[in-house]
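First up is the structure itself, then whatever we jot down about it.
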Amino acid sequence: MPSFLKRLKWADWLILIVLVGAFGYVGLRLEGTLNYTWRWELIPDYFIRYREDRQEWFANLLLQGLFATLRICIYAGILAAIFGTILGVARCAENLTIRLLARTYLELLRNIPPVVIIFIFFFFLSQQLIDALNMNAWARGIARSDSAPAWEFFFGDMRRFPSLVSGVLVLGLFQAAFVGEIVRAGIQSIPKGQFEAARAIGMSRSQEMRYIVMPQALRKVVPPMANQFISLIKDSSIISLISVQELTYKTVELVASTRLIFEAWLTTAACYFILCFGLSLLFRRLEKH
Amino acid sequence: MVQTPIIIAEGVGKYFGDFKALTDVDLIVNQGERVVICGPSGSGKSTLIRCFNGLENHDTGRLCVDGMELREDAPGMRQLRQDVGMVFQQFNLFPHLTILENLIIGPMKVRKQSRAAAEATARKYLERVRIPEQADKRPAQLSGGQQQRVAIARALCMQPRVMLFDEPTSALDPEMIGEVLDVMVELAETGMTMVVVTHEMGFARKVADTMVFMEAGRIVEVSPPETFFTAPKSQRARVFLDQILEH
C-alpha cells in the first residue's frame, strides 16, 4: 500500500466515500434522465483535423482558440506589466494629483465587475481607437498582401486583427490595475533607508526610483506578478463577450454547431487548467532557483 | 587661523506631530572642525544631523549649510546633498549593486562623471577603507564592519565638503567597531569636516575638536573635549558620562 494511503484516518475515508458517492450520483442522474450521448471521439478533430481535399493538417476551432488565447495573454501581459508599473510608481508619487489619478483608476477597476469593465473599455476605448486609426482597412490590406504569413504568425488571422487589439487593450488595461497594486506593494517594501541613502548622495526623485528602488522592487514582485499572469489567462475568457475569438468564444461556437455541450466545455476547462496549473508549477520551480 | 563656518544653526526647532524633537538649537561648525554629538537616546542627536542634509526639514529657526539656507523643497537641496556626505547607522548600501557599483552610481548618475573616472576614485577610496579586494562582491557578502566602511567610501566618492555620521558603529558587533573607527580617525587626519553622532567616547576623545551634549532636544553643553571629559560644565553631562564610562 502506498504510504499516503496509510496516513488516511477513518474520517478521511468517510469524506472520500461521500465525495465519490456524490459524483457517482450526479453521473448516474445524467445518464438516466438526460439521455445524453457522449461523443468524446469527435473532440480530437476539433483540435487538429486532416483535410482530405487539400491533403494537409489544419488547426481546428479549439486549437485556433487556444493559440488566440495564448497570443492575447502574452500581449496583454506585456501591456499590463508596463502600464501597471507606471500605475504602481504613480501610486507612490510625491505629487498628489498623480497619486489620486492612479488611485481613482484602481478603485474604479476594483469596484466594478470585470464583465462590465470589459464592455465599457470596449465601447469607449478600443472601438474608438480602432476607428480613429482606421485599423480595419489597414489589417484587411495586410491580409491580402504577400507579407500576410509573417504577420499571422504573431497576430493570427489578420482580418481579425482589430478584434485582437481590442482584446489585448481591454484585458491589459484591466489587469494593469492589479499589477499596479503589486508594484506599489513592492516599492513600499523597500526599506526607508534605501530612499534616504539615495537622496543623501544627491539623487533626484526619479533617479532614486530608477536606479535604487525599482530594480529592487521589481525583483521582489516577480512571484506575485507570475500569479497575476495566471489570473490574466483565466480572466481572458471574459473577452469572448466582445467577440474576440479566443478559446472560450471558439468553444461557444463549437457547442452551437455540434451540440457537444459537455465534451466541449470539459475539454476547454481542461485546457485552461493545464495551461494555468502548468505555469504555476513552472513559476514555483523557477522561484526556487 | 580664520574660521569659516560651514554649518550654522540658529534657533532650530523640529516637531514630529506634537512631539518637539529639537528646541532652539544653536550650533556653528567650522570648516575642518570635528564635532562629536552625544547624549542619551531620544535626545535629538540624529534628528539634528539629519536636518543638516535636509533628510528632515526643520520647522523653526535658520539653518545654513555650505552657504545655503535650507528650506523644504528649496532649489539647490540636491546640490547641497551632493556636497554633504552621510553615513547611516544601518549602512544602507544598495543590495542589488556590487560594492564598486555602490560607489560609482552617485558620481556617475549625479555628478555625471565618466565610468572610468568614477571607478578610479572608487578604487582609491576602497583602498583607503582597506577593502579593495571586495569590489565585485555584493553588500550581503560582507561583514557589518566592512559594509560600514563601504558606506563611508561611498559617501567620500562624492567628494563631499562635510561628512555626517549618524551613529555609525551602533549596529555593529563589538569586534567590528574598531575597524570602522580606525577609518574615521584616518579620515579626520585628512582634515575633513566631520559631524559625528556616537557613543564611542574613546573615539571622541581622540578626534573631536568640539563636544556637543544634547538632552531632550536641546543642546546642553558645547565644550572642547579636554573640558568635557574631565570637568563637564553641566550636571546632566556629568551624569551621562558617569553612566557610559562606568563600563
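The values are calculated or read from the model by the stated rules, or taken from the named source; none is laboratory data. Given the structure is predicted, the values throughout are model-derived calculations rather than measurements. In this analysis, Cβ positions are derived from the backbone assuming ideal geometry, glycine residues included, and neighbour counts consider all displayed protein chains. Protein only, heavy atoms only, side chains kept; ligands, DNA and RNA dropped before computing areas. Shrake-Rupley method; radii C 1.70, N 1.55, O 1.52, S 1.80 Å.
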Ignoring ligands, DNA and RNA, what percent of the 1.4 Å accessible area of chain B is carbon and sulfur? 48
Per residue of region A:9-18, what does 6.51 cos²θ - 1.76 cosθ + 1.60 with θ = phi - 60° give for ³J(HN,Hα)? Whole Hz please, x for Gly and Pro, Karplus curve as stated. 8, 4, 5, 5, 4, 4, 4, 4, 5, 4
Using every pair of alpha-carbon atoms in the protein assembly as shown, split the distances into 10 Å bins beginning at 0 and state the percent of pairs per bin, rounded to integers. 3, 14, 18, 17, 13, 12, 10, 8, 4, 1, 0
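How many square angstrom of accessible surface are buried between A and B, both sides summed, with a 1.4 Å probe and rounding to 100?
On the way: alone 17800 and 11420 Å², together 27530 Å².
Looking at A and B, the buried total is near 1700 Å².
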Where does the longest stretch of chain B lie that holds no GluC sites (Glu not before Pro) found in a DSSP loop with 12 or fewer other Cβ atoms within 10 Å? B:73-245
Integer Hz, Karplus 6.51/-1.76/1.60 couplings in order for region A:44-61, x for Gly and Pro: x, 4, 7, 8, 9, 9, 9, 9, 4, 4, 9, 6, 8, 7, 9, 6, 8, 2
Total charge of the residues flanking B:Val195 in space, meaning their Cβ is under 9 Å from its Cβ, with Lys and Arg +1 and Asp and Glu -1, is 0
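Determine the alpha carbon to alpha carbon distance for each of B:Lys14/B:Lys45; A:Lys192/B:Lys124; A:Lys288/B:Lys137 and list only those over 20 Å.
Too far apart for the 20 Å limit: A:Lys192/B:Lys124; A:Lys288/B:Lys137.
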What do you get for trypsin sites (Lys or Arg not before Pro) in region B:150-247 restricted to DSSP loop and a cutoff of at most 14 other Cβ within 10 Å of the site's Cβ? B:Lys233
Go through B:Val12, B:Phe91, B:Asn102 and say which Cα lies farthest out towards the positive end of the charge dipole of region B:12-126; charges sit on Cβ, +1 for Lys and Arg, -1 for Asp and Glu. B:Asn102
Could you derive backbone 3J(HN,Hα) for region B:36-50 from the dihedral phi with the Karplus parameters 6.51, -1.76 and 1.60 (θ = phi - 60°), listing whole Hz in sequence and x where the residue is Gly or Pro? 10, 9, 10, x, x, 5, x, 8, x, 4, 4, 4, 4, 6, 5
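Using only DSSP helix segments of four residues or longer, with each worth -39500 (n - 2.57), what per-residue ellipticity at 222 nm results for chain B after dividing by its residue count and rounding to 500?
That comes out to -11500 deg cm²/dmol.
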Surrounding net charge for B:Pro225, when Lys and Arg each add one and Asp and Glu each subtract one, Cβ distance under 14 Å: -1
For region A:100-118 and region A:36-70, distance of Cα centres in Å: 38
Let me know the shape class of region A:1-150, please: from the alpha-carbon gyration tensor, a ≥ b ≥ c as square roots of the eigenvalues, rounded when a/c is under 1.5, otherwise prolate if a/b is greater than b/c, or oblate. oblate
List the trypsin sites (Lys or Arg not before Pro) within region A:1-96 that DSSP assigns to loop and that have no more than 10 neighbouring Cβ atoms inside 10 Å. A:Arg7, A:Lys9, A:Arg54
Per residue, in Å², the accessible surface of region A:132-282 once ligands and nucleic acids are set aside, probe 1.4 Å: 44
Which residues, if any, in region B:64-99 have at least 20 Å² less accessible area in the whole protein complex than in the isolated chain, probe 1.4 Å? B:Arg78, B:Arg81, B:Phe88, B:Asn92, B:Phe94, B:Pro95, B:His96
With 10 Å bins from zero, work out the P(r) of region A:11-57 over every alpha carbon pair and list the percent per bin. 20, 24, 22, 19, 11, 4
Over chain A, the sum of -39500 (n - 2.57) across DSSP H runs of at least four, divided by residue number and rounded to 500 deg cm²/dmol, gives at 222 nm -23000 deg cm²/dmol
Give me, ordered by chain and number, the residues 5 or more places off B:Phe165 or on other chains with an amide H under 5 Å from its own placed amide H. B:Val87, B:Val195, B:Val196, B:Val197
Scan chain A and hand back the longest stretch that contains none of the GluC sites (Glu not before Pro) lying in DSSP loops with at most 12 other Cβ atoms within 10 Å. A:95-289
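For chain A, what does the alpha-carbon gyration tensor say about shape, rounded, prolate or oblate, given a ≥ b ≥ c as the root eigenvalues, a/c under 1.5 as rounded, and a/b over b/c as prolate?
On the way: a/c = 2.24, a/b = 1.30, b/c = 1.72.
Taking the square roots of the gyration eigenvalues as a ≥ b ≥ c, chain A is oblate.
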Taking Cα pairs under 8 Å and at least six residues apart, what relative contact order does chain A come out at, in percent? 25
For B:Lys137, which sequence-distant residues (separation of 5 or more, or a different chain) have an amide H within less than 5 Å of its own amide H, given hydrogens modelled in the peptide plane? B:Ile99, B:Leu100
Amide H to amide H under 5 Å from B:Glu56: which residues, 5+ apart in sequence or cross-chain, H placed 1.01 Å off N in plane? B:Cys51
Eligible aspartates and glutamates near A:Lys250 by straight Cα distance, threshold 16 Å, same-chain separation 8 or greater: A:Asp45, A:Asp157, A:Asp235, A:Glu263
Is region B:147-212 rounded, prolate or oblate when judged by the Cα gyration tensor, a ≥ b ≥ c being the square roots of its eigenvalues, rounded requiring a/c under 1.5 and prolate requiring a/b larger than b/c? oblate
What number, in percent, do you get for the relative contact order of chain B if the mean sequence gap of Cα pairs under 8 Å and at least 6 apart is divided by its residue count? 26
Residue-count net charge about A:Phe161 - beta-carbon cut-off 13 Å; Lys, Arg +1, Asp, Glu -1: +3
Between region B:66-137 and region B:193-223, the Cα center-to-center distance that results, in Å: 25
